[in-house]
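Nothing in this text is a laboratory measurement; each read-out follows from the coordinates by a stated rule. Quick caveat, the model's predicted, so the values are computed rather than measured. Note that each Cβ is placed from the backbone with ideal geometry, even for glycine, and that neighbours are counted across all protein chains shown.
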Amino acid sequence: MAQMKLNHLSKQYEDGVTAISDFHLHIHDQEFLVLVGPSGCGKSTLLRMIVGLERITSGELIIGEEIVNEVPAKDRDIAMVFQGFALYPYMSVYDNLAFGLKLKKYDPSLISKRVRPIAKLLGLENRLDQKPDALSGGERQRVALGRAIVCEPRVFLMDEPLSNLDAQLRVQMRSEIIQVHRQLKATTIYVTHDQTEAMTMADRIVVMREGVIQQVATPSTIYRHP
Ligand code: ADP
Ligand code: ADP
């Protein structure tokens, strides 16, 4: 749990492309922020800078009270779920969920105490011994979510996590993600192309264009004045 300050962040890639330009936004503790904007406007770059996969060219990233620009990704306490969520195909659902905790060398009994409630929350308690191949698309997406949140991150980033699912499942997963958010209370940035997702899930919506913020507003105000 943490507030996040994105203070005048910029990103210039080595080839000279400016992907993010003077991006300035403060995100509240436990906020669910939705980021929208056309392809190529810099959404993924921004998430990768926050998670620590991409160097920040200039500006300051503050999580909690700490400037994290130089903090390695593994020490940032941030979880990220991508579009093409890759599960470990040779591991059971349980081992997929437990993966991050095993990396942290948690005790097996503690791992079990963490994994089982999350499996229950996501309706996976009867799937724990199965391999990802045996699951439906929605179940696989839930494993990807569970694997990310099992470490109880203070910040949770999602980059179009539902775009591979069919329409009906997307609607269902929307409310599951909100339910998970209410329990987890991680400060969240959620990237989507789907206007309905943005409208129904967001505390605030940020509209990006060509590396800059075009608009910040709540769902009830944002699409009234297009
Ligand atoms: P979005 O996620 O909104 O589609 P991206 O962050 O992927 O946008 O891309 C923003 C801009 O940065 C685009 O012009 C893209 O071509 C460029 N870009 C993305 N990744 C790289 C990279 N590794 N090297 C150079 N340019 C990149
Ligand atoms: P995350 O799943 O947390 O997003 P990665 O997919 O990047 O992270 O993988 C984390 C680590 O697990 C990497 O070192 C990667 O090489 C390793 N890994 C990836 N796929 C498998 C797999 N099928 N079985 C075991 N380890 C894997």
- Message: Please report the equivalent ellipsoid semi-axes of region 1-43, computed as sqrt(5 x eigenvalue) of the Cα gyration tensor, largest first, in whole Å.
- Response: 23, 13, 7
- Would you calculate the separation in nanometres between label points at Ser175 and Ser10, each defined as 7 Å from the Cα along the Cα-to-beta-carbon direction? 4.6
- Item | Rounded to 10°, Cα long-axis angle of helix 93-103 versus longest principal axis of the chain | 60
- Any chance you could run the full-extension gain for Tyr88 through Thr18? It's 0.36 nm times the residue separation minus the Cα-Cα distance, nm to one decimal. 21.7 nm
- Item | Cα-only Debye scattering, region 64-114: base-10 log of I(q)/I(0) at q = 0.31 Å⁻¹ | -1.19
- Relative to the longest principal Cα axis of the chain, at what angle does helix 137-149 sit, 0 to 90 degrees, rounded to 10? 70
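Per residue, how big is the convex hull around the C-alpha atoms of the chain? Give it to me in cubic angstrom, could you?
Expressed per residue, the convex hull around the Cα atoms of the chain is 127 Å³.
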- Can you give the Rg to Rh ratio of region 149-194, both from alpha-carbon atoms, with Rh computed by the Kirkwood formula? 0.97
- Message: Just to be sure I follow the rule: in the chain, considering lysines 8 or more places apart or on different chains, how many pairs have Cα atoms under 26 Å apart?
- Response: 28
- Message: Explain nothing, just the number: relative contact order of region 132-226, from Cα pairs under 8 Å at least 6 residues apart, as a whole percent.
- Response: 22
- Message: What would the Debye equation give as log₁₀ I(q)/I(0) for region 24-158 at q = 0.10 Å⁻¹, counting only Cα atoms as equal point scatterers?
- Response: -0.38
- Message: Give me the three principal axis extents of region 116-185 from the C-alpha atoms, as integers in angstrom, largest value leading.
- Response: 31, 28, 17
- Message: Report the per residue volume, in Å³, of the convex hull enclosing the C-alpha atoms of region 125-226.
- Response: 127
- Query: When averaged across all projection directions, what area in nm² does the alpha-carbon convex hull of region 17-84 cover?
  - Reply: 5.3
- State, to one decimal in nm, how far the label point of Gln214 lies from the label point of Asp133, with both points 7 Å from Cα in the Cβ direction. 4.5
- Query: Which value in nm describes the separation of the simple spin-label points at Arg116 and Asp29, placed 7 Å from the Cα toward the beta carbon?
  - Reply: 3.1
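Relative contact order of region 79-150, please, whole-number percent, based on alpha carbon pairs below 8 angstrom and at least 6 residues apart.
Reported as a whole number, the value is 53 percent.
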